[in-house]
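**Student:** Supplied in structure tokens, the structure appears directly below.
The values are calculated or read from the model by the stated rules, or taken from the named source; none is laboratory data. If you're wondering where the values come from, they're calculated on a predicted model, not measured in any experiment. For neighbour counting, all protein chains shown are included, and Cβ atoms are generated from backbone atoms with ideal geometry for every residue, glycine included.
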């Protein structure tokens, strides 16, 4: 049988995912890439044609097939057919949970399904390099790739606090997520001034800490995490202020060494988001670097021997792309060595220095 990756949605995560799988399908052991688009839009004509020219196949609902063909697109598959023949389905829409209840849970063909960060409860939360060891073959058919900021938070916590067999040396941690107003691809949602968020969760503050806690709970860890959020009038990228309180002494030298030892962490001396964003534009894939976090080295401080304070940038949704590819490859073949090997083509976008 063919190994087929089917992507639902062509937005800010869906489009680059389709591109990654089509560009590197031979080296990743994938025979075919298909994708679903709900609505035929003239404004998306060039995007869809480019994806199909690279080898991806368009699937559409029968009711709108004529709309796509009227624009000049070739529709290769009907929606249900594409889902049933897929090996892995990656839902990149804000309707992942609804689609799971209505469609995915009734399908027997695909080995696995992925949804993105907003779809809390879709399945076991996952971030590459944080909780890979908890994925269970034959059991974890549904996975939720956590949000880009949750990737950032969990990567920082694991990198700075994981003492191996001694457990995590974290007493508590707090984060202020300074979010971009909207993506550069989006026409709406921009704001004229900073907009502070509320603390809707009495335990975790915002969903960022809640989602991070949920991910660590898959590793039987109950970490004290809290987050706040503010939306800024920028389109560049998210940034995070963090403060860790450890249960043992540390030094700035140890902190930097730990960060350098994690190849999914990028370090930078640059303190403006536009400089990191432009680096991704010039040297990334679809403008994205795939590192989990970009830590601003000059902002790091060890206070009173046990507090770590600093700033970092969240590389758009590049970290979510990396985890989505890794999770899909795991569902195709769960052997860790195989996943590691098939990720080789995209490691060039995991930067250590920016």
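**Student:** Scanning for something touching a strand residue (DSSP E or B) at 6+ places or on another chain (Cβ under 6 Å), outside any loop (DSSP other than H, G, I, E, B) and closer than 27 Å to residue 255 by Cβ, does region 117-127 turn up at least one residue?
**Tutor:** Yes, some residue in region 117-127 is touching a strand residue (DSSP E or B) at 6+ places or on another chain (Cβ under 6 Å), outside any loop (DSSP other than H, G, I, E, B) and closer than 27 Å to residue 255 by Cβ.
**Student:** Considering 208, 213, 199, which residue is in the same structural domain as residue 278 (by TED's automatic domain parsing), outside any loop (DSSP other than H, G, I, E, B) and without any contact (Cβ under 8 Å) to a residue 40 or more places away in the chain?
**Tutor:** 213
**Student:** Let me ask you something else. In region 217-232, which residue that is in contact (Cβ under 8 Å) with a residue 40 or more places away in the chain and either in a loop (DSSP other than H, G, I, E, B) or touching a helix residue (DSSP H, G or I) at 6+ places or on another chain (Cβ under 6 Å) (or both) is surrounded by the most Cβ atoms within 10 Å (Cβ to Cβ)?
**Tutor:** Applying the filter and picking the extreme gives 227.
**Student:** Run residue 174 past the list (1) over 30 Å from residue 4 (Cβ atoms); (2) under 18 Å from the mean Cα position of the chain (by Cα) and report the number of the one that doesn't hold.
**Tutor:** With (1) over 30 Å from residue 4 (Cβ atoms); (2) under 18 Å from the mean Cα position of the chain (by Cα) applied to residue 174, the lone miss is (2).
**Student:** Let me spell it out: the conditions are (1) more than 20 Å from residue 133 (Cβ to Cβ); (2) in contact with a strand residue (DSSP E or B) (Cβ under 7 Å, 6 or more places away or on another chain), and residue 254 meets all of them except one. Which number is the exception?
**Tutor:** Status for residue 254: all satisfied but (2).
**Student:** Could you count how many residues in region 122-176 are assigned by TED's automatic domain parsing to the domain that holds residue 324, touching a helix residue (DSSP H, G or I) at 6+ places or on another chain (Cβ under 6 Å) and without any contact (Cβ under 8 Å) to a residue 60 or more places away in the chain?
**Tutor:** 1
**Student:** Look through 326, 273 and report the one residue that is touching a residue at least 40 places away in the same chain (Cβ under 8 Å) and out of contact with any helix residue (DSSP H, G or I) (no Cβ under 7 Å at 6 or more places or on another chain).
**Tutor:** After applying the criteria, what remains is 273.
**Student:** OK, next. For region 233-250, name all the residues that are more than 20 Å from residue 172 (Cβ to Cβ) and either assigned to a loop (DSSP other than H, G, I, E, B) or out of contact with any helix residue (DSSP H, G or I) (no Cβ under 9 Å at 6 or more places or on another chain) (or both).
**Tutor:** 233, 234, 235, 236, 237
**Student:** Is there a residue in region 178-191 that is over 30 Å from residue 44 (Cβ atoms) and either assigned to a helix (DSSP H, G or I) or more than 18 Å from the chain's Cα centre (by Cα) (or both)?
**Tutor:** No: zero hits.
**Student:** Output the strands (runs of 3 or more DSSP E) that fall wholly within region 1-115 and possess 2 or more residues being surrounded by 15 or more Cβ atoms within 10 Å (Cβ to Cβ) and free of Cβ contacts under 8 Å to residues at least 60 places away in the same chain, or say none.
**Tutor:** So the answer is 32-36, 57-60, 75-78, 112-115.
**Student:** May I ask you to verify whether residue 165 is farther than 20 Å from residue 293 by Cβ and modelled with pLDDT under 95?
**Tutor:** yes
**Student:** To continue, here is another question. Does residue 334 satisfy the criteria of being surrounded by fewer than 24 Cβ atoms within 10 Å (Cβ to Cβ) and outside the structural domain of residue 172 (by TED's automatic domain parsing)?
**Tutor:** Considered against the rule, which asks whether it is surrounded by fewer than 24 Cβ atoms within 10 Å (Cβ to Cβ) and outside the structural domain of residue 172 (by TED's automatic domain parsing), residue 334 comes out as yes.
**Student:** Give the number of residues within region 255-270 that are surrounded by fewer than 16 Cβ atoms within 10 Å (Cβ to Cβ) and touching a helix residue (DSSP H, G or I) at 6+ places or on another chain (Cβ under 9 Å).
**Tutor:** Looking only at that region, the number is 4.
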